[in-house]
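Have a look at the structure below before the remarks.
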Amino acid sequence: MLARRIIPCLDCDLGVPGGRVVKGIEFKQIRYAGIPWELAGRYYEDGADEIVFLDITASHERRETMTSVIKKTSESVFVPLAVGGGIKSVDEAREVFNAGADKITLNTSALKRPELISEISDRYGNQAVVLAIDAKRRYGQEAGREIVETPEGPCWFECSFYGGREFTGIDAIAWAKDAVSRGAGEILLTSMDRDGTYDGFDIPLTDAVAKRVRIPVIASGGCASPDHMLEVFQKTEASAALAASIFHFGEWNIRDVKTYLKERGVNVRV
Amino acid sequence: MIAIVNYGMGNLFSIYNALDRIGGDPRIVPDPEGLAGADGIVVPGVGAFGSCMDQLSRFEGSLLRAFQEGVPMLGICVGMQVLFEESEESPGAKGLGWIKGNVVRLPDGVMIPQMGWNSLSIKRPVEMLEGISNGDMFYFVHSYYGRPVDRSVIVATTDHGVEVTAAIAKDNLFATQFHPEKSGAKGLKILENFVRCLHC
């Protein structure tokens, strides 16, 4: 049986030499969490199953900074590394893979040009392409939408892009299915309603996507405690849970979270 | 010196870094001549069986010589699958055939590829698995797995809908379906065992 994975996510501001890990709510109230490769090393030692790096900057030199961060990290971190943020072509993906990344994550660029998914997966395999979806609830029963029942009423989910600043009109669940057929190997599913709220994962969203695609789904957005991870693993088929702040600021250690989950019957690697 | 066979398939940084980390003196070797004098050889592998064999074929003679001379060898992932005779992934493509048997697709109904951490069930204790216990987890990414005719070469399995061959051992050859270089401290332990075997 595959273990449920715990994945720390490093949002990286690469506009400074060496980069820095940041966390903020909708780019406001930004807090600095540390240096990317140092934090990655700490999480590796603590038992992270995988580490995600997301480039949230738009500076010109960022790609080079990201490749140096990955190179440095892969010298001492021996779990899978996923890297995303602004990758628009196979050439850009290649740079990141060559630096030591095992997977790349695509979001805005794939929404704008879905062929990018197959271009990269044809070359590097499905397992190397993670589709990131930022989904927001839209209440009501709109025709042609994938409707999900929630305690707050039926809704569909709309994809956003550009880091949550713009909306696409695209149905997130339909997009997830389309991306699978194009060769995405995994879905990193972030609830925009929950992200930054510390209210826990969006269970109906995670459940709906995990049931409708046959590839691993990483639940993201809203995690503030091991209880939230327990809930998402008990109530959905999510393969992994992603969190940032609770690890960055010393509230929880990954090892303690995994022990907590294991004691409650979740199959995790400890 | 440990030669990492570079036949153009996939990223070799991870295995290089992992061996370097534990003092294994790795070298990435792009030509068959470079295998001469290696204390150990690692055959990595990413991608489809057929394209791996296309690229690996120029190394075939040198690898066989080293295998017969008793040089410790480690195959990883598709680097393990190519040891078999053939694969359902690439009908018609011939593998190295050092292990009798074939490579088959994971069954319908399970998540394919198997991607993530799964636990080992150890079938036979061998030196390469020293320090590894039943239930220890390793990182797998694959859609196919090897089925040896002689089941005694299987030293560990994992459960993914079926009993999946996770590691095999035959003479100086050891191979894993999982990625020791991506499997944290337990994976490094296997690589340390490999380095230690070079000198025994």
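From the residues in the range B:40-92 that are of a type in the set (D, E, K, R) and part of a loop (DSSP other than H, G, I, E, B), which one is nearest to A:Q127 (Cα to Cα)?
B:E89
Could you please let me know if B:I112 is modelled with pLDDT under 95 and either away from chain A (no Cβ under 14 Å) or open to solvent by 30 Å² or more (accessible area, probe 1.4 Å) (or both)?
Spelling it out, B:I112 is indeed modelled with pLDDT under 95 and either away from chain A (no Cβ under 14 Å) or open to solvent by 30 Å² or more (accessible area, probe 1.4 Å) (or both).
Under the condition of being more than 12 Å from the chain's Cα centre (by Cα) and surrounded by 22 or more Cβ atoms within 10 Å (Cβ to Cβ), which residue from the range B:161-183 is farthest from the other protein chains (Cβ to nearest Cβ)?
Ranking the qualifying residues of the range B:161-183, first place goes to B:V164.
Rundown of residues vs (1) outside any helix (DSSP H, G or I); (2) over 17 Å from B:N102 (Cβ atoms); (3) in contact (Cβ under 8 Å) with a residue 40 or more places away in the chain; (4) open to solvent by less than 40 Å² (accessible area, probe 1.4 Å), yes/no style:
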position: B:P125; (1), (2), (3), (4): yes, yes, no, no
position: B:N134; (1), (2), (3), (4): yes, yes, no, no
position: B:Y139; (1), (2), (3), (4): yes, yes, yes, yes
position: B:A156; (1), (2), (3), (4): yes, yes, no, yes
position: B:K186; (1), (2), (3), (4): no, yes, yes, no
position: B:K189; (1), (2), (3), (4): no, yes, yes, no
position: B:E192; (1), (2), (3), (4): no, yes, yes, no
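Of the conditions (1) under 17 Å from A:N107 (Cβ atoms); (2) more than 14 Å from every other protein chain (Cβ to nearest Cβ); (3) open to solvent by less than 30 Å² (accessible area, probe 1.4 Å), A:E186 clears all except one; give me its number.
(2)
Answer yes if at least one residue in the range A:31-38 is out of contact with any Phe, Trp or Tyr (no Cβ under 6 Å at 6 or more places or on another chain), open to solvent by less than 20 Å² (accessible area, probe 1.4 Å), within 14 Å of another protein chain (Cβ to nearest Cβ) and not β-branched (V, I, T), and no otherwise.
Within the range A:31-38, none of the residues are out of contact with any Phe, Trp or Tyr (no Cβ under 6 Å at 6 or more places or on another chain), open to solvent by less than 20 Å² (accessible area, probe 1.4 Å), within 14 Å of another protein chain (Cβ to nearest Cβ) and not β-branched (V, I, T).
Out of all the residues in the range B:136-160, which are within 14 Å of another protein chain (Cβ to nearest Cβ) and farther than 23 Å from B:V46 by Cβ?
B:D136, B:D159 - these are the residues of the range B:136-160 that are within 14 Å of another protein chain (Cβ to nearest Cβ) and farther than 23 Å from B:V46 by Cβ.
Could you check the range A:114-172 and list, in sequence order, the residues that are open to solvent by 10 Å² or more (accessible area, probe 1.4 Å), in contact (Cβ under 8 Å) with a residue 24 or more places away in the chain, within 18 Å of the chain's Cα centre (by Cα) and more than 20 Å from A:T236 (Cα to Cα)?
Correct list: A:N126, A:Q127, A:F161, A:Y162, A:G163, A:G164.
Sort out for me the strands (runs of 3 or more DSSP E) sitting completely within the range A:41-153 that have 3 or more residues that are more than 14 Å from chain B (Cβ to nearest Cβ).
A:51-55, A:129-139
Looking only at the range A:225-263, how many residues end up being open to solvent by less than 50 Å² (accessible area, probe 1.4 Å), free of Cβ contacts under 8 Å to residues at least 60 places away in the same chain and either in contact with a strand residue (DSSP E or B) (Cβ under 8 Å, 6 or more places away or on another chain) or in a helix (DSSP H, G or I) (or both)?
Matching residues across the range A:225-263 total 7.
Restricted to the range A:173-224, and to residues that are part of a helix (DSSP H, G or I) and basic (K, R), which residue is nearest to A:E158 (Cα to Cα)?
Looking at residues that are part of a helix (DSSP H, G or I) and basic (K, R), I get A:K177.
Go through the residues of the range B:100-109 one by one and say whether even a single one is in contact (Cβ under 8 Å) with a residue 12 or more places away in the chain, acidic (D, E) and under 20 Å from B:Q177 (Cα atoms).
Scanning the range B:100-109 turns up no residue that is in contact (Cβ under 8 Å) with a residue 12 or more places away in the chain, acidic (D, E) and under 20 Å from B:Q177 (Cα atoms).
Within the range B:32-66, how many residues are aliphatic (A, V, I, L, M) and either within 14 Å of chain A (Cβ to nearest Cβ) or farther than 23 Å from B:P180 by Cα (or both)?
Summing the residues that are aliphatic (A, V, I, L, M) and either within 14 Å of chain A (Cβ to nearest Cβ) or farther than 23 Å from B:P180 by Cα (or both) in the range B:32-66 gives 4.
Any idea which of B:S90, B:S57 is modelled with pLDDT under 95, among the hydroxyl-bearing types (S, T, Y) and within 14 Å of B:Y144 (Cα to Cα)?
Answer to the selection: B:S90.
Which members of the range A:173-189 meet the condition of being among the small types (G, A, S) and under 18 Å from the mean Cα position of the chain (by Cα)?
A:A176, A:A179, A:G183, A:A184, A:G185
The values are calculated or read from the model by the stated rules, or taken from the named source; none is laboratory data. Nothing here was measured: the structure is a model prediction, and the numbers come from that model. Cβ sites come from the backbone with ideal geometry, for glycine too, and all protein chains shown count toward neighbours. Areas reflect the complete protein model, heavy atoms only, side chains present, ligands, DNA and RNA absent. Shrake-Rupley method; radii C 1.70, N 1.55, O 1.52, S 1.80 Å.
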